[in-house]
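Here the structure comes first, spelled out in structure tokens, and everything after it is commentary.
Where a number appears in this text, it was derived from the coordinates with a stated rule and is not lab data. Note that the coordinates shown come from a computational prediction; the quantities given were computed from them, not determined experimentally. Heads up, the Cβs are rebuilt from the backbone with ideal geometry, glycines too, and the neighbour counts pull from every protein chain shown.
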Amino acid sequence: MSERVDEVLHAGKAPNLHGLVVMRGGEVVIERYGAGADYHLGDALGQVVFDRDTLHDLRSVSKSVVALVYGIALREGLVPAPGESLVRQFPEYPDLVADPGRAHLTVEHALTMTLGLEWREDLPYTDPANGEIAMELAPDRHRYVLERPVVEEAGKRWNYSGGASALIGEIITRGAGRPLDEYAADRLFRPLGISAYAWSRGDDGATRAASGLRLRPVDLAAIGQLVLDGGRDIVPGDWLREVLRPRVVIDDGFEYGYQWYLGTGERRWAEAIGNGGQRLLVAPEEGLVVAVTAGEYDSGQVSAQAVLDAVLDR
């Protein structure tokens, strides 16, 4: 495996790789770091030489971490079950709560990104018409998401939405009585021995649940190992099974659970995916966890895919 990875790196097939950590049997078996231009969301960080201690943007991998934190909060009785009403978690918007077109929306529709609301995130993240950017610019991010026009029946079609993840993060924040990042640090990061992290907040002080988490690749891999191990009672095992249960088809052999992508073909896997080549793949059949960070923001996943293919020999 390490030979295949090094061949890819030496051949220049992963030119924008920043970090790679592979775990097998609970141990780190491959660890590689690169160098290159990096960004923290939209802010340029210049040329960075990465090593084990360098934090890296996870972008939308953050969403998958939030799903794990939700299960912890659910066990503590702090958040509603997935089948509960979504709009009723935001009583400060009585017009939306009373809207019959939104009454059927549940927390699960947010977890599975099947809200049936107008949302476009297929635009560049430099475009203010992109749903997540528009949400960040809105005077009230949560109202912005919930008041999007209803365009189809909820629960029928997956439509990628950072807004859905923002609602999940806010529900955790309200239930826990403290910011999402603080609760996640106390209930997930510290039990895993993760002390180095950063989670950005918007101008309104809300933790950016959809994209703001920064971790070391080795700590991202530790979260993947937790998933592979069934939660180790840090994340409730029954919740983790729900998270990783296929619920909506994205493409043939490619489905979505609760904020996690799932390979449902001959070779099964679970994966968190973020803009620019941020990946966390859990392959139960092989007993593998692969964490990747890269610098292809808004331009692809070439470097990440190259090393993942080498690790998995595909």
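Figures for the structure shown
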read-out: Gyration tensor (Cα) of the stretch 65-172, equivalent ellipsoid semi-axes in angstrom; value: 21, 16, 14
read-out: Rounded, prolate or oblate (a/c below 1.5 giving rounded, otherwise prolate when a/b exceeds b/c) for the stretch 8-62 by Cα gyration tensor; value: oblate
read-out: Under the Karplus curve 6.51 cos²θ - 1.76 cosθ + 1.60, θ = phi - 60°, whole-Hz ³J(HN,Hα) for the stretch 130-146, x wherever Gly or Pro sits; value: 4, x, 5, 5, 4, 4, 5, 8, 6, x, 9, 4, 6, 5, 4, 5, 6
read-out: Spherically averaged projected area of the stretch 156-236 from its Cα convex hull (nm²); value: 6.5 nm²
read-out: Kyte-Doolittle mean at least 0.5 and Cα axial length at least 18 Å: DSSP H helices in the chain; value: 61-75, 162-176
read-out: Relative exposure of L115, L105, L288, judged by other C-beta atoms within 10 Å (fewest first); value: L288, L105, L115
read-out: Cα-centred dipole magnitude for the chain, charges only on beta-carbon of K, R (+1) and D, E (-1), debye, nearest 20; value: 480 debye
